[in-house]
């Protein structure tokens, strides 16, 4: 292994040299780790000739006249260009294609450009000069072509606001609270064993009446429809589209007119199956999917017979949705149709990697032939996406009409499943020979692998970040606020090559400034607040970028400690969302009683008894420190043995009021904590050992919204928020 070549190539491909671990110790990445990641990127690290060619190509790219992406935060663009030797006496020609279709062009003498630096790269003398575009730029994505002495370059220009959108209410100083819910956990008399978009509307009505300003949701990304048991909302099939199992079937307009569907639902055996699905304490995803897809297929047939055939306005609305979705939507529908087809006819496991090889190319002849032969099957999946989008949009419109300043607060997963639609549709930027994860920390001493492939930053830059724009835009248009899971991914991601332990991974860096500019532009266009999940070790570069770009922080109360004391309410940063705990952490009851520690012990998630005992000691200290913080704020809970591991409803309400009185602009209350539940929805580090993403709420929606004690406690939260 040629360590010198590997080191130089790794640097040019964005691979880091070292990082500070959770103890603050500097850890350097060995050449072997860099080689493993380069291999995952497709570099032939065992071939010196191939390494030399790779290095030559990367060096040539570093000599490029212009960067692939430039950011403009005002109406004017200023970008440093790289000129060689005799080009100083030449003319620079430029042509700008604006997003709105206009074209502008001109020329300038290179000698008239201000030189910002000189240097030499592998023997080539480079003069960097500042080029200021002599036109005002409207906000948007523009394409800049530059040429000098026969050398040319293409540069995408992102003209963005300096900061992300902030809702008027927050900009005016209001402090808002809301309720966070995993939508699938909702019980109701009308749903089919899983929370749905009709339940979401009822939730909006109920909590808006009590003063909530938003409803926080788990990621609603499309999942593997051919295998509904793959239920993690953070392992999306495609983040641009929606999970159609959330469709409220009886709310679909075709249901009222479809006699076949209504007769089938009324059938005693079908009714009994729905009753079974509703009664279970855990979501039966396979049963839910079977029931919903059977009836939705009948509704699709009804839609084609009554609406499409007659050319009605509803059919025109559907056609408009399909046209607006473009090739991305059609590819996703084709993926779901293919995955379901092969699952049903060949019994394959879900995912494009398990299909016959000729169908793994979305543009291949076999795929086109399938689409032509199975047009109605694909149309069905387009119809499902339309219904899901329409019902989610109706919930957001309802929230805003009821005075919620934010309405729906969505969640954006950091990655997509390797075998899913997003990777199949646009796999050129994903590297399937690695997964993303996290380095070792106190809760995962061996590091973490999250099972989703990383995107190659070089491939992202080569396409001008167009895929990132598309995914972010699709999510922001649905919500009043969007939480970015693991916001540090905008700067760096922990890559774990296949066959390597997560603690042997390393960091690969991403174009932070350009990604932040995209967020700011799309946030402004959608009117969507952006919240960055910045838990754990946050690099200084990310902190500075979040401050510059106006991303809100994500503060979890049980982590907010300094020298053993819990942070006072007045010390929370205003630009943040605060919550007591999250979907990946124990509920308040479980945290207080230590049942999460017992569960992790049963699941053998501690590397040894010493680690388990350390967590227990820390928990005992934290309980005492938290009681002291509550008492200092005048919120000491009543009832129970508060000094020991006994939980009371008064304790949870005191913690909620503690946060409600904080300086944080947003406070989210987990619905499980309002109900005093113990069982988690997810235990990180487990797959089949615990039924993650399935546990339902203990109380039905109808009963929940009628509880006087809940209304009284939320009234206290509302008063504390001012």
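The values are calculated or read from the model by the stated rules, or taken from the named source; none is laboratory data. Just so it is clear, the model here is predicted, and its values are computed rather than measured. Cβ: placed from backbone, ideal geometry, glycine included. Neighbour counts: every protein chain shown.
Here are a few things to note about the model shown:
- If the condition is being more than 13 Å from residue 664 (Cβ to Cβ) and more than 22 Å from the chain's Cα centre (by Cα), then segment 166-183 contributes 168, 169, 171, 172.
Okay, residues lined up against (1) in a strand (DSSP E or B); (2) touching a strand residue (DSSP E or B) at 6+ places or on another chain (Cβ under 8 Å); (3) assigned by TED's automatic domain parsing to the domain that holds residue 17; (4) within 30 Å of residue 496 (Cα to Cα):
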{"position": "58", "(1), (2), (3), (4)": "no, no, yes, yes"}
{"position": "79", "(1), (2), (3), (4)": "yes, yes, no, no"}
{"position": "88", "(1), (2), (3), (4)": "no, yes, no, no"}
{"position": "108", "(1), (2), (3), (4)": "yes, yes, no, no"}
{"position": "118", "(1), (2), (3), (4)": "yes, yes, no, no"}
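- Members of segment 673-683 that are more than 22 Å from the chain's Cα centre (by Cα) and either over 18 Å from residue 183 (Cα atoms) or touching a residue at least 40 places away in the same chain (Cβ under 8 Å) (or both): 673, 674, 676, 677, 678, 679
- Residues in segment 424-442 that are under 21 Å from residue 43 (Cβ atoms), surrounded by fewer than 20 Cβ atoms within 10 Å (Cβ to Cβ) and in contact with a strand residue (DSSP E or B) (Cβ under 9 Å, 6 or more places away or on another chain): 1 in all.
- Residue within segment 247-262 that is touching a residue at least 60 places away in the same chain (Cβ under 8 Å), touching a strand residue (DSSP E or B) at 6+ places or on another chain (Cβ under 8 Å) and surrounded by fewer than 23 Cβ atoms within 10 Å (Cβ to Cβ) present: no
- Looking only at segment 266-284, residues that are buried (at least 21 other Cβ atoms within 10 Å of the Cβ) and in a helix (DSSP H, G or I) come to 0 in all.
- Those residues of segment 225-237 which are in contact with a helix residue (DSSP H, G or I) (Cβ under 9 Å, 6 or more places away or on another chain) and surrounded by fewer than 24 Cβ atoms within 10 Å (Cβ to Cβ), in sequence order: 225, 226, 227, 228, 229, 230, 231, 233
- Test: residue in segment 446-467 that is out of contact with any strand residue (DSSP E or B) (no Cβ under 8 Å at 6 or more places or on another chain) and on the phi > 0 side of the Ramachandran plot: no
- Checking residue 44 against (1) in contact with a strand residue (DSSP E or B) (Cβ under 6 Å, 6 or more places away or on another chain); (2) surrounded by fewer than 14 Cβ atoms within 10 Å (Cβ to Cβ), the condition it does not meet: (1)
- Taking segment 499-509 as the range and being at pLDDT 95 or above and surrounded by fewer than 23 Cβ atoms within 10 Å (Cβ to Cβ) as the test, the residues that pass are 507, 509.
- Where residue 666 falls short, out of the listed (1) farther than 26 Å from residue 532 by Cα; (2) in contact with a strand residue (DSSP E or B) (Cβ under 8 Å, 6 or more places away or on another chain); (3) buried (at least 16 other Cβ atoms within 10 Å of the Cβ): (1)
- So residue 578, is it assigned to a strand (DSSP E or B) and either in contact with a helix residue (DSSP H, G or I) (Cβ under 9 Å, 6 or more places away or on another chain) or on the phi > 0 side of the Ramachandran plot (or both): yes
Yes/no matrix, rows are residues, columns are (1) surrounded by 19 or more Cβ atoms within 10 Å (Cβ to Cβ); (2) assigned by TED's automatic domain parsing to the domain that holds residue 150:
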residue	(1), (2)
37	yes, no
49	no, no
68	yes, no
85	no, yes
101	no, yes
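- Residues of segment 418-461 that are over 18 Å from the mean Cα position of the chain (by Cα) and part of a loop (DSSP other than H, G, I, E, B): 431, 432, 433, 439, 440, 442, 443, 445, 446, 447.
- Residue in segment 183-196 that is surrounded by the fewest Cβ atoms within 10 Å (Cβ to Cβ), counting only those that are in a loop (DSSP other than H, G, I, E, B) and in contact with a strand residue (DSSP E or B) (Cβ under 8 Å, 6 or more places away or on another chain): 189
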